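The structure under discussion appears below in the form of structure tokens.
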Amino acid sequence: MPLREDPAFRCDPRCQRSGRRRGLSVEDDDADGSHEPSLASGGRTLARTTRAYVGLGANLGDAAGTIAAGVHALAALPGVRLRGVSQLYATEPVGVVDQPEFRNAAVALDVPTGPDPDTGALALLIALKGIERAFGRQERERWGPRELDLDLLVFGRHRIHVERPPEARSDDPTRPTDLVVPHRLAGERLFVLAPLADLAPGLVPPGWTETVARARARRAQVEGPGAVRPVARWADGRWDPA
Ligand code: ADP
Ligand code: MG
């Protein structure tokens, strides 16, 4: 699978810090979460990009390997640049607890904003669902075991609530047919907050009243120290066990 990532962003927390020294922070502090227009198509098209955060989870088969391949698949999406990869965490299942332990991570991406944020976020969700299917994800019970789960956690400074077009919906009528960003449960799940805090500790997602780091600390008190454990760092395009 082609790699389009900038080596400066094959990130663990240490290389993020070195990135910051060079002005390459993965946190986005623009007013709207969008980035300066860049020239594309021979200079005729102006493409705006938005900093998005995507959560990855898996608990079937080689979960760590699947998440690594998922990171590369995200980095290879058209118009997308990989800006950071969190640590890999071993996490206890939430919701349906009688299932294998999960592996979770998060990535920072710069993605095309699209003609408007609703359209851009929906296009990204549809791409995420396509990658999930390519990795063999079957429809099973909600919150149950899965080959690969990709959740759109944050899309710049935009609050989004749109219906997915019918052709982009799940066949399962019990599943949500909408897209809500920031992700509805992100602020209440340590397995999301821990990797997101690696990438953007100071971020206050739109609609939240606290930083990601503070939310992580709050949930760590509730869920306890064993709920989420770092097990590897991202280095040279793969997981390097801690
Ligand atoms: P889970 O809640 O366990 O991640 P799924 O991955 O099966 O469950 O997602 C169910 C549905 O949730 C998706 O098909 C999508 O329509 C909807 N959804 C709403 N908001 C989001 C979001 N921010 N990211 C991903 N899916 C979302
Ligand atoms: Mg999901």
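Of everything listed in (1) surrounded by 14 or more Cβ atoms within 10 Å (Cβ to Cβ); (2) more than 23 Å from Arg51 (Cβ to Cβ), the single unmet condition for Pro201 is (2). Residues that are at pLDDT 95 or above and assigned to a loop (DSSP other than H, G, I, E, B) are absent from the range 124-143.
Scanning the range 198-221 for residues that are assigned to a helix (DSSP H, G or I), in contact (Cβ under 8 Å) with a residue 24 or more places away in the chain and not charged (D, E, K, R) turns up Leu199, Ala215, Ala220.
Residue count for the range 180-203, restricted to those that are within 21 Å of Asp116 (Cβ to Cβ) and away from ligand 2 (no atom under 11 Å from the Cβ): 3. The set of residues in the range 166-179 being at pLDDT below 90, away from ligand 2 (no atom under 12 Å from the Cβ) and not polar (S, T, N, Q) consists of Pro166, Glu167, Ala168, Arg169, Asp171, Asp172, Pro173.
Looking across the range 228-242, just one residue is among the small types (Gly, Ala, Ser), modelled with pLDDT of 95 or more and not in a strand (DSSP E or B), and that is Gly237.
Looking across the range 148-160, just one residue is within 16 Å of ligand 2 (Cβ to nearest atom) and either surrounded by fewer than 19 Cβ atoms within 10 Å (Cβ to Cβ) or part of a loop (DSSP other than H, G, I, E, B) (or both), and that is Leu148.
The values are calculated or read from the model by the stated rules, or taken from the named source; none is laboratory data. The structure presented is a predicted model; accordingly, all values stated were derived computationally and were not measured. When we count neighbours, we look across all protein chains shown, and the Cβ atoms used for this are built from the backbone with ideal geometry, even at glycine.
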